[in-house]
Amino acid sequence: FFRQRGQRPFEWYGAFPELCPVLHKYVRPRDKVLVVGCGNSELSEQMYDMGMCEDIVNIDISDMVIRQMQERSRSKRPKMSYLQMDMLQMDFPDAHFQVVLDKGTLDAILTDEEVATLAKVDKMFAEISRVLQVGGRYFCVSLAQAHVLKKAVEYFSQEGWVVRVHQLASSRDKQQFVLPVFVYVMTKFRKIPGSTPQILEICPEEQDKPMRVESAEQLVAAVKDRQHYALLCSQLSKTPCGEQVSLDLCDKESGRPRYTLHVVDSPSVKPSRDNHFAIFIIPQGRETEWLFGTEEGRRQLAANAGFGRLVTVALHREQHYEGMAGIQAELSGKVMELAPPGLPARQQVPFLSVGGDIGVRTVRHCDTSPLSGEYVVEDVKGDGTCYFRRLVFLRNRNVVQSEARLLAPTPLPGQKKRRKDKKKPSPAEPPTAIDKSYLCCEHHKAMVAGLCLLGGPDPLPGDEAGRFVGLGGGSLPLFVHDYFSQAHIAVVEIDPSMLEVATRWFGFSQGDRMRVHISDGLDYVAKLAAEAPAQYDAIMFDVDSKDLTVGMSCPPPAFVEKPFLQKVKTILKPGGVFVLNLVCRDARLKESVLATLREVFPLLYARHIEGEVNEILFCQPSPKVRQDPTELGARAQALEGALRQPGRPWDSSYVLADMLQAVKIL
């Protein structure tokens with residue numbers, strides 16, 4: 001190879017300018033340096049010429065290249081030497097060097113994980129360890145393939161060394177060389193008998209402060225993330241992306257996600273100089289909305305914005321942000337790595353948002369439940385001037401578990417007069433009182449609308465009128481309790497933490513007509529079926545699944561198994577209705593659930609919630625109650641009239657609209 005290449009230097013993984021920042025941190029001018037597998041790289045010569053250090057010994061197994069390098073440096077660099085030597089069996093005495101430098105040599109040897117290859121690498125590591133002083137450092141420049149990095153980390157960490165991995169900031173043409181280059185900096189310590197804690201760290205190229213990781217597997221995973229990101233950026237810079245690409249940018253201190261980015265290309269947009277690329281900051285708290293939280297919604301957003309590539313940016317609730325200007329300063333460099341092909345040089349990329357701000361999110365309460373895991377109660381500003389309170393389970397952070405509208409405070413006497421003062425008014429405090437008359441969730445509106453199947457001006461008259469499984473924030477049972485003055489409501493909730501959350505943060509309260517039972521819904525229904533069948537007008541299931549691997553997030557699979565559904569049918573009156581909130585992304589599983597429901601309930605009506613995965617199922621136990629559309633319309637109007645009775649001062653027009661929509665579908 002070197003004979004054919006001649007005098008032209010061959011640089012594995014970059015040259016001195018890229019390595020210099022890392023080497024400057026650790027190499028001192030008085031250090032004695034050994035370069036293993038030096039080849040004809042100019043790295044040693046440049047270290048010498050720049051005054052980094054002069055006592056440098058270079059070895060290589062190729063006699064040809066050693067003679068070339070000796071001729072090149074003999075007169076110019078008298079303190080530097082080149083020796084033909086096998087690094088697996090070096091002639092140097094023990095603890096002879098403060099620094100061992102390897103640029104690509106380990107990668108060239110560790111080509112596979114065969115026994116013979118690993119034995120050769122063990123011998124290489126043992127020799128490097130032998131000739132290096134305690135406190136000395138082994139620098140290994142590598143592409144960090146998983147098996148290479150894992151082998152180096154496991155070997156030296158078990159010897160009690162500190163292992164730190166640096167990602168080099170590349171100045172090379174990324175079109176030609178896509179993968180990032182890493183430097184393993186392994187510092188030798190005396191091995192202490194017994195269990196020695198591993199010290200493993202990674203330094204990404206954009207920061208100096210190292211991040212501690214717990215295991216070799218975590219270090220390999222962190223490096224792999226950066227390799228995948230480099231490949232992604234290369235792909236996005238060459239061709240439009242057919243599918244939406246998503247990635248998390250993490251906080252430098254904690255390592256937790258700070259921004260979630262989605263890259264959306266719009267092939268229909270004709271490119272011009274000013275519409276190639278834009279960044280859209282999603283206001284805090286609105287990342288769950290259809291337009292921002294779904295693939296279809298983001299595609300529509302990108303098309304409406306009129307840019308060939310739009311990067312949407314969601315802000316995480318655990319993080320603090322210094323306004324739009326601060327976010328722009330923080331993201332400007334990183335988002336340019338996601339720029340589309342053909343972006344004009346020095347093109348200014350606009351940052352967009354709704355209303356020009358980043359929204360308002362105030363975390364009111366954080367806690368952990370043994371059953372539901374970590375959860376958070378937060379107040380967010382919606383579109384316009386409305387504020388909402390939300391319950392979110394952090395295991396599925398993009399799904400709002402419960403939501404309630406907050407009421408604006410009533411103006412105090414004399415408050416309007418003070419507005420005429422010339423002094424600038426202080427910012428209004430966000431409201432904190434719960435508006436119990438308003439259902440925020442579209443699927444809750446549909447579930448209430450299904451009560452028109454029961455008939456009558458007040459369709460929940462009985463002492464044992466309704467059973468709800470799943471409390472959440474309590475908005476749905478509280479709404480039904482307040483609107484239907486004769487209804488007696490019982491709610492079954494498995495998690496006692498949710499009752500505390502609903503009471504403290506969502507205005508929920510118990511009384512003569514509202515009781516909460518802390519129990520497993522499966523056991524509770526089974527007990528009712530055994531004791532007193534056919535006693536309930538309405539049963540509503542709005543219960544989430546804790547298992548996110550099933551493909552059905554509501555309800556848990558056991559709630560839609562045939563034996564349990566037959567128990568539900570048993571406790572329902574012949575003219576009653578069973579209302580189920582179904583959230584299932586698996587088409588085959590969904591069809592199986594519907595088939596099981598049809599086997600148990602003769603009448604099944606389905607109402608899909610537009611823009612959501614939710615589907616509300618209305619099930620009735622007797623085919624004799626099959627609904628006539630005219631009669632249903634009359635029932636819906638009667639129900640709406642009941643909602644407008646004196647003493648119910650809320651705007652219920654949206655409930656009527658949903659009832660009429662339900663009638664149309666039924």
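Miscellaneous remarks
- Residue-span extension gain [ARG130 to ARG515] - 0.36 nm each, minus C-alpha spacing: 131.2 nm
- Segment HIS228-ASP367, extension gain: residue separation times 0.36 nm, minus the distance between their alpha carbons: 46.6 nm
- Ordered by 1.4 Å accessible area with all protein chains kept, GLU18, GLU54 run largest first as GLU54, GLU18.
- Rounded to the nearest 10 Å², the accessible area of THR385 at probe 1.4 Å: 120
- Modelled label positions at SER268 and ALA433, each set 7 Å beyond Cα in the direction of Cβ, lie 4.6 nm from each other.
- Taking a ≥ b ≥ c as the square roots of the eigenvalues of the Cα gyration tensor, region 239-339 is prolate, since a/c reaches 1.5 or more and a/b is larger than b/c.
- Placing unit charges on the Cβ atoms of the charged side chains and taking the dipole of region 76-122 about its Cα centre, the candidate lying farthest along the positive direction among SER81, HIS96, ALA116 is SER81.
- Among 468-474, 126-132, 371-377, sorting by the average number of other beta carbon atoms lying within 10 angstrom of each residue, highest first, gives 468-474, 126-132, 371-377.
- Label point at LYS527 placed 7 Å out along Cα→Cβ; residues across region 498-521 whose backbone nitrogen lies under 11 Å: 517-521
- Pairwise FRET efficiency - LYS238 versus ASP94, Cβ, R0 = 60 Å, nearest 0.05: 0.75
- Largest to smallest in accessible area, the residues VAL115, VAL313 fall in the order VAL115, VAL313 (1.4 Å probe, all protein chains included).
- With R₀ fixed at 45 Å, the C-beta to C-beta distance from TRP290 to LYS120 puts the FRET efficiency at about 0.20.
- Per-residue extension of 0.36 nm, minus the Cα-Cα distance of GLU154 and GLU561, leaves a gain of 141.7 nm for this segment.
- Highest average packing first - 340-349, 135-144, Cβ atoms within 10 Å: 135-144, 340-349
- Placing pseudo-labels 7 Å out from each Cα toward the beta carbon at VAL245 and GLU214 gives an inter-label distance of 3.1 nm.
- Computed E for ARG504/GLU318 - FRET, C-beta separation, R0 30 angstrom, nearest 0.05: 0.90
- Peptides 443-450, 325-332 ordered by average Cβ neighbours within 10 Å, highest first: 443-450, 325-332
- Cα→Cβ-extended label distance, 7 Å offset, between ILE192 and LYS252, nm: 3.1
- Figure legend: label point modelled 7 angstrom from the Cα of ALA345 along Cα→Cβ; residues of region 258-277 with amide N under 18 Å from it are 273-274.
- Surface calculation, 1.4 Å probe, protein heavy atoms: TRP290 sits at approximately 80 Å² accessible.
- Computed over neighbours whose Cβ is under 10 Å from that of LEU310, the net charge equals +2, Lys and Arg +1, Asp and Glu -1.
- Annotation: ARG28 carries an accessible surface of approximately 110 Å², with a 1.4 Å probe and no ligand, DNA or RNA atoms counted.
The values are calculated or read from the model by the stated rules, or taken from the named source; none is laboratory data. None of these values were measured; they are calculated from a predicted model. Quick reminder, even Gly has a Cβ in these numbers, built from the backbone with ideal geometry, and neighbours come from all protein chains shown. Note: areas computed on protein heavy atoms with side chains; ligands, DNA, RNA excluded. Shrake-Rupley method; radii C 1.70, N 1.55, O 1.52, S 1.80 Å.
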